[in-house]
Amino acid sequence: LFSIFARYFHNKNYVMNIYSRLEHPEDSREFVATEVEHFAINARLRGKGYGSKLLDYFVRSLDKIVLLEIDPITDNISEARLRFYQQCRFHENPHPHKHPVYRNGYYPHPLIVLTTQREISPKEYQQFDADLRNVVMNFKH
C-alpha cells in the first residue's frame, strides 16, 4: 500500500541519507513522513550556519513531517546536537524508542525521535516504528 524511496546526497561538504514513505491514494493511513537517516556537515564548515540552512531548505521543500532520530543526551556533544535540531524547529517526542539492529549479534539501542511541525501522536509513532522495522530495515539490506 505504500512505497519507499531512498536518496543519498553526498559531496565533500555534507552527507544526507533520506528514506521517505510515499502516500498512495489507496493508503488509508493518515501519517506520512520523511525520515532523515543520516545528516552530517563537514567538520570544517560546522558552526557557520550551513547545516541549518541545508536542513531548513530540505524541510521547506516538503509538505509533510520530517522525522529523525538522535542519540540520548549523555554529554556536551549530544546536548549540542539536540539544541541544533531544536533551533531548526524540530520537536522532541516523548515516545520511548529503540532502533532495531542492523546486524545479528547486536541489540536495539534507545534513540530520541524528533519531528518537524509538531510532536507526533502515539498512533503515528506506532506507524513510524512499524514502518521502520518492516520496511526501512528490510529496504537497507
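The values are calculated or read from the model by the stated rules, or taken from the named source; none is laboratory data. Just so it is clear, the structure is predicted and the values come from calculations on it, not from any experiment. All Cβ positions, even for glycine, are placed from backbone atoms using ideal geometry, and neighbour counts span all protein chains on display. The area values use the complete protein model at the heavy-atom level, side chains included, leaving out ligands, DNA and RNA. Shrake-Rupley method; radii C 1.70, N 1.55, O 1.52, S 1.80 Å.
Just one residue in the set ARG118, ARG103, ARG29 is at pLDDT below 95, exposed (fewer than 14 other Cβ atoms within 10 Å of the Cβ) and among the basic types (Lys, Arg); that residue is ARG103. Within region 132-141, being open to solvent by 20 Å² or more (accessible area, probe 1.4 Å) and either touching a strand residue (DSSP E or B) at 6+ places or on another chain (Cβ under 7 Å) or basic (Lys, Arg) (or both) holds for ARG133, VAL135, PHE139, LYS140. Could we say that ASN11 is of a type outside the set (D, E, K, R), at pLDDT 85 or above, exposed (fewer than 13 other Cβ atoms within 10 Å of the Cβ) and out of contact with any helix residue (DSSP H, G or I) (no Cβ under 7 Å at 6 or more places or on another chain) here? So ASN11 fails the test. You will find that of ARG81, ARG133, ARG44, ARG118, the residue that is in a helix (DSSP H, G or I) and under 21 Å from VAL32 (Cβ atoms) is ARG133 and no other. When you check HIS99 against the structure, is it touching a Leu at 6+ places or on another chain (Cβ under 6 Å), farther than 14 Å from ALA33 by Cα and in contact (Cβ under 8 Å) with a residue 12 or more places away in the chain, yes or no? So HIS99 passes the test. Within this structure, ASP56 fails the test of being touching a residue at least 40 places away in the same chain (Cβ under 8 Å) and open to solvent by 30 Å² or more (accessible area, probe 1.4 Å). Determine, yes or no, whether ASN138 is in a helix (DSSP H, G or I) and either hydroxyl-bearing (Ser, Thr, Tyr) or without any contact (Cβ under 8 Å) to a residue 12 or more places away in the chain (or both). In short, yes. Looking across region 106-115, the residues that are open to solvent by 30 Å² or more (accessible area, probe 1.4 Å) and either part of a strand (DSSP E or B) or closer than 21 Å to ILE65 by Cβ (or both) come down to HIS109, PRO110. Pairs linking a residue in region 29-49 that is under 30 Å from GLN127 (Cα atoms) to a residue that is assigned to a loop (DSSP other than H, G, I, E, B) and among the aromatic types (Phe, Trp, Tyr), with Cβ atoms under 9 Å and 6 or more positions apart or on different chains, are ARG29/PHE2; VAL32/PHE2. What do you reckon, is GLU35 at pLDDT 60 or above and in contact with a His (Cβ under 7 Å, 6 or more places away or on another chain)? The answer is no for GLU35.
Candidates in region 121-130 are the residues that are free of Cβ contacts under 8 Å to residues at least 60 places away in the same chain and exposed (fewer than 12 other Cβ atoms within 10 Å of the Cβ); of these, the one that is farthest from GLU35 (Cα to Cα) is PRO122.
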